[in-house]
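Beneath this line is the structure, given in structure tokens, with notes to follow.
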Amino acid sequence: MESSKLERRPAAFVTGASSGTGREASLALAKAGYDVALLGRRPAALEDVAADIRGAAGEARTICLRTDVTDPANVARSVAAFLEWSGGRVEVLLNAAGIPGPLGAAIGDIAVEDFDAVVSTNLRGPFLTMTHLLPVMYRQGGGRVVNIGGNHGLRGRAGRSTYSLSKWGLRGLTRSAALEAGPHGVTVNYVAPGAIAVDRMRLRWKAQAAEEGVSEQVVIERYVAQMGIALGRPNEPADVVAMIMFLVGEGGRNITGQELVIDGGVIV
């Protein structure tokens, strides 16, 4: 669904837009003056985000594109639809789609299917979108790419091997793309959040609190201590969105190929 077209605004292409960081960043981009393409696998959830954008930033246009970022043909169709809608331009590419994969599973216990799903979503997905949209940015003489990684892409952790390797790979892709894109005026950066208090995490904490008969705050404080978060709290989505908006704004014009860590002081 899209609103009626007014004068052309800068266009943003956001994967994983139906929830979490992708959703919050889509709202922020719309409020900042962007028209936003919302990509995800759940059309109803994308329509909900589009409705929220209309309520918060009525002049922003949106287009909802049901997309599986692991499917090359699906990504190609969505990019073509987006470029027709945007007038052939893209100012921001935000790769926010991602899955955690098996939690706590040792390497010998991980099914190949689970391994492939994590790598396809977290690494091949950004590769596919950049394959299509970097050349567009080159032709127009500039653009901003932000890949949402994680602090597991800067360290190893037992039980998170598939997720960690996918984010390490995304770091390498980001750095190489930054070197290729720099001469064309395009920046490419990697945002590395720690734990984010999104709905999925909050539901887990709530369930754990009910099971143990303690308050949710007790569970969160224990989690913070276990993770070694120096500032004493997990990220809120707004913490990550603030960095994204900095990178796509004027302040980020000379920053590229970097890993920006937002984890409250876990990686120090």
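The values are calculated or read from the model by the stated rules, or taken from the named source; none is laboratory data. Bear in mind the structure is a predicted one, so any value in this text is a computation, not a measurement. Ideal geometry is used to build each Cβ from the backbone, glycine not excepted, and the neighbour counts take in all protein chains shown.
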### Candidate set from the stretch 118-138 (those that are of a type in the set (A, V, I, L, M) and touching a strand residue (DSSP E or B) at 6+ places or on another chain (Cβ under 6 Å)); member that is surrounded by the most Cβ atoms within 10 Å (Cβ to Cβ)
M137
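Evaluate the stretch 138-146: report whether one residue or more is within 26 Å of A81 (Cα to Cα), of a type in the set (V, I, T) and either assigned to a helix (DSSP H, G or I) or modelled with pLDDT under 95 (or both).
As a first pass, look at the stretch 138-146 and keep what is within 26 Å of A81 (Cα to Cα): 138-146.
So of that shortlist, the ones also of a type in the set (V, I, T) come out as 145-146.
Now drop any that are not either assigned to a helix (DSSP H, G or I) or modelled with pLDDT under 95 (or both), which leaves none.
Within the stretch 138-146, none of the residues are within 26 Å of A81 (Cα to Cα), of a type in the set (V, I, T) and either assigned to a helix (DSSP H, G or I) or modelled with pLDDT under 95 (or both).
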### Message
Name the residue that is surrounded by the most Cβ atoms within 10 Å (Cβ to Cβ), counting only residues in the stretch 1-23 that are modelled with pLDDT of 95 or more and over 14 Å from the mean Cα position of the chain (by Cα).
### Response
A11
### Query
Listed residues R42, R77, R144, R61; which is among the charged types (D, E, K, R), farther than 23 Å from G252 by Cα and surrounded by 16 or more Cβ atoms within 10 Å (Cβ to Cβ)?
R61
### Task
Could you check S26 against (1) at pLDDT 95 or above; (2) over 18 Å from V240 (Cβ atoms) and say which number it fails?
(2)
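Conditions tested, residue by residue: (1) within 17 Å of A11 (Cα to Cα); (2) among the hydrophobic types (A, V, I, L, M, F, W, C); (3) out of contact with any His (no Cβ under 8 Å at 6 or more places or on another chain).
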{"site": "F82", "(1), (2), (3)": "yes, yes, yes"}
{"site": "G101", "(1), (2), (3)": "no, no, yes"}
{"site": "I110", "(1), (2), (3)": "no, yes, yes"}
{"site": "T131", "(1), (2), (3)": "no, no, yes"}
{"site": "R139", "(1), (2), (3)": "yes, no, yes"}
### Query
Restricting the stretch 95-134 to residues that are without any contact (Cβ under 8 Å) to a residue 40 or more places away in the chain and acidic (D, E), which is farthest from V79 (Cα to Cα)?
D109
### Query
Within the stretch 242-261, is there a residue that is modelled with pLDDT of 95 or more, surrounded by 13 or more Cβ atoms within 10 Å (Cβ to Cβ) and touching an Asp or Glu at 6+ places or on another chain (Cβ under 7 Å)?
no
#### Entry: Among residues of the stretch 78-131, those that are in a loop (DSSP other than H, G, I, E, B) and either over 15 Å from Y190 (Cβ atoms) or polar (S, T, N, Q) (or both), counted
15
### Message
I'd like to check which helices (runs of 4 or more DSSP H) are fully inside the stretch 160-268 and have at least 3 residues that are without any contact (Cβ under 8 Å) to a residue 60 or more places away in the chain and farther than 29 Å from V112 by Cβ.
### Response
199-212, 216-227, 237-248
### Query
Does any residue of the stretch 40-63 turn out to be touching a helix residue (DSSP H, G or I) at 6+ places or on another chain (Cβ under 6 Å), closer than 24 Å to S164 by Cα and charged (D, E, K, R)?
no
